[in-house]
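Take a look at the structure set out below.
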Amino acid sequence: MSRTFAYCRVSTTGQTTENQVLEIKSAGFDLQSQRVIEETISGSTSASERKGFATLLDRMESGDVLVVTKLDRLGRNAIDVQSTVERLEGKGIRVHCLALGGVDLTSPAGKMTMGVLAAVAQFERDLLIERTQSGLERAKAEGKVLGRPAKASAEQVQALKCEDKSQSAVAAELNISLSTVKRLWNS
């Protein structure tokens, strides 16, 4: 007898998995509360590094069904999603994705659909990275200072150094770390 499990993940503590659980139930999947794994962890974390997902894998057996609302719940990129689905398929677990019309990702049609969508998602991510890098390069070329503003300048540290203050005293006065003072001490 196959059992149905749901994996619902959000990236930040301000978010909730309630909508994902409701969407899965509305799609007609019978869920018992102990078979819903909810996790708050960044999507940039590989599925194999997620504690909740590891718990899910330990509880599932051959013939079970895993339901997710979107492909990105399963992994951080196309390769991670594909590897996760293959790992589940190897254990005899079917994977359904509601965003793809509830298709079984372990079926031939599901594999093809997942492959195309994962490739498009990876392409979009690569374009985003490329545009970000291009924007940073342009900003540097225009002379813009990137990064967090400095808490203290070398001039401030030097002025206090000239007053014969210790590095610890300078750090305390400027409210900066001792390592920052040491870096600026001989500038």
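Here are some notes:
- Within region 17-67, restricting attention to residues that are under 24 Å from the mean Cα position of the chain (by Cα), part of a loop (DSSP other than H, G, I, E, B) and hydroxyl-bearing (Ser, Thr, Tyr), the residue that is modelled with the highest pLDDT is Thr17.
- Complete set of residues in region 68-88 that are buried (at least 17 other Cβ atoms within 10 Å of the Cβ), out of contact with any strand residue (DSSP E or B) (no Cβ under 7 Å at 6 or more places or on another chain) and assigned to a helix (DSSP H, G or I): Asp72, Ala78, Asp80, Val81, Gln82, Thr84
- If you go through region 29-42 and pick out every residue that is free of Cβ contacts under 8 Å to residues at least 60 places away in the same chain and buried (at least 17 other Cβ atoms within 10 Å of the Cβ), you end up with 4.
- Yes/no for Ser26 being polar (S, T, N, Q), within 22 Å of Gln82 (Cβ to Cβ) and either in the same structural domain as Leu88 (by TED's automatic domain parsing) or in contact (Cβ under 8 Å) with a residue 60 or more places away in the chain (or both): no
- The residues of region 1-23 that are under 21 Å from Val81 (Cα atoms) and of a type in the set (S, T, N, Q), listed by number, are Thr4, Ser11, Thr12, Thr17, Gln20.
- Residues that are in a loop (DSSP other than H, G, I, E, B) and among the hydroxyl-bearing types (Ser, Thr, Tyr) were ranked within region 94-143; the one that is surrounded by the most Cβ atoms within 10 Å (Cβ to Cβ) is Thr106.
- Only residues that are under 21 Å from the mean Cα position of the chain (by Cα) and of a type in the set (Val, Ile, Thr) were counted across region 86-115, and they come to 1.
- Test: Arg73 is of a type outside the set (Ser, Thr, Tyr), farther than 18 Å from Gly101 by Cβ and in contact (Cβ under 8 Å) with a residue 40 or more places away in the chain: no
The values are calculated or read from the model by the stated rules, or taken from the named source; none is laboratory data. Because the structure is a prediction, the values reported are computed rather than measured. Every residue, glycine as well, gets a Cβ built from its backbone with ideal geometry; the counts of neighbours run over all protein chains shown.
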